[in-house]
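Following: one structure in structure tokens, then a few remarks.
Only the coordinates and a few stated rules stand behind these numbers; no lab work does. Please read these numbers as outputs of a predicted model, since none were measured by experiment. Here the Cβ positions follow ideal geometry from the backbone for every residue, glycine too, while neighbour counts run over all protein chains shown.
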């Protein structure tokens, strides 16, 4: 899915589709897969308790083999980038490789830093897609990536608030646990507002028709994020279905971006 999103990101950046997008697809697919495997490697002890059916605790693959497999996927994704992609894409691939490795080993358990990393990695798919066109493609997708980053950060913080009981039992140090639920949802609301504001700037690029399409989507995202501010417990937070609303808003915004890039060039 991430690889396919990279292809859509290229269309958003350029309004066109070329055969070379297979490079973007492969690089994103391999590096994302490697990140998933290294995450399983570091979570093996936790999964042995919570998800004993997963590959490592179930014995389908050893922890050592999963480490080698992850390194192989990272290496293959970066080799394809080096030989077939422009420097902008090579750089993003290398940065994401390092971030995915450190996220799994260290950043995931750090308050806010883990959320920021996940949000960047989600937003970077748009940078990946644009990077096939060189730095001009990266710049073209900066606003879309920026909006995705801030809205994704809002959703990550809200999800952490929803998961407080389980995370507390496992000794996690998420932002809501360390600094309180109210502080987290305030930050989430502000982050969502920033993301929505960035989407409005794209009116300069795509015009009033785009604005008419993105405003209803932005309203859904804002409702999802801002209604959490009155919540005092994780249970109240879950009842708002805020993370689901934001997720649907993000999918809808992708559709608006894509149609605008194709039809409003």
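Side notes on the structure shown:
- Full-extension gain in nm, residue 75 to residue 255, via 0.36 nm per residue minus C-alpha separation: 61.6 nm
- With N as its number of residues, region 1-110 has a Cα radius of gyration that, divided by 2.2 N^0.38 Å, comes to 1.19.
- Mean residue ellipticity, 222 nm, helices only, the chain: the sum of -39500 (n - 2.57) across DSSP H runs of n ≥ 4, divided by residue count and rounded to 500, is -26000 deg cm²/dmol.
- Relative contact order of region 1-110, defined on C-alpha pairs under 8 angstrom at six or more residues apart (%): 30
- Inter-part distance, region 209-254 to region 93-153, computed on C-alpha centroids, equals 21 Å.
- Three semi-axes of the equivalent ellipsoid, region 167-241, Cα gyration tensor, whole Å, largest first: 32, 13, 9
- Order of 49, 215 - criterion: other Cβ atoms within 10 Å of each residue's Cβ, fewest first: 49, 215
- Based on Cα contacts under 8 Å between residues 6+ apart, the chain shows a relative contact order of 20 percent.
- Quick note on region 119-237: its Rg to Rh ratio, both from C-alpha atoms and Rh being the Kirkwood radius, is 1.06.
- Gyration tensor verdict on region 65-170 (Cα atoms; rounded if a/c is under 1.5, prolate if a/b is larger than b/c, oblate otherwise): oblate
- Label-point separation, residue 142 to residue 58 (7 Å along Cα→Cβ), nm: 4.6
- Across region 151-171, the residues whose backbone nitrogen lies under 12 Å from the label position 7 Å along the beta-carbon direction of residue 179 are 157.
- Linear extension gain, residue 244 paired with residue 65, 0.36 nm per residue minus alpha-carbon span: 60.9 nm
- Per-residue Cβ neighbour counts within 10 Å put 138, 98, 178 in the sequence 98, 178, 138, beginning with the fewest.
- Computed over region 54-123: relative contact order in percent, which uses C-alpha pairs under 8 Å that are six or more apart: 16
- Whether the chain is rounded, prolate or oblate, judged on the alpha carbon gyration tensor where a/c under 1.5 counts as rounded: oblate
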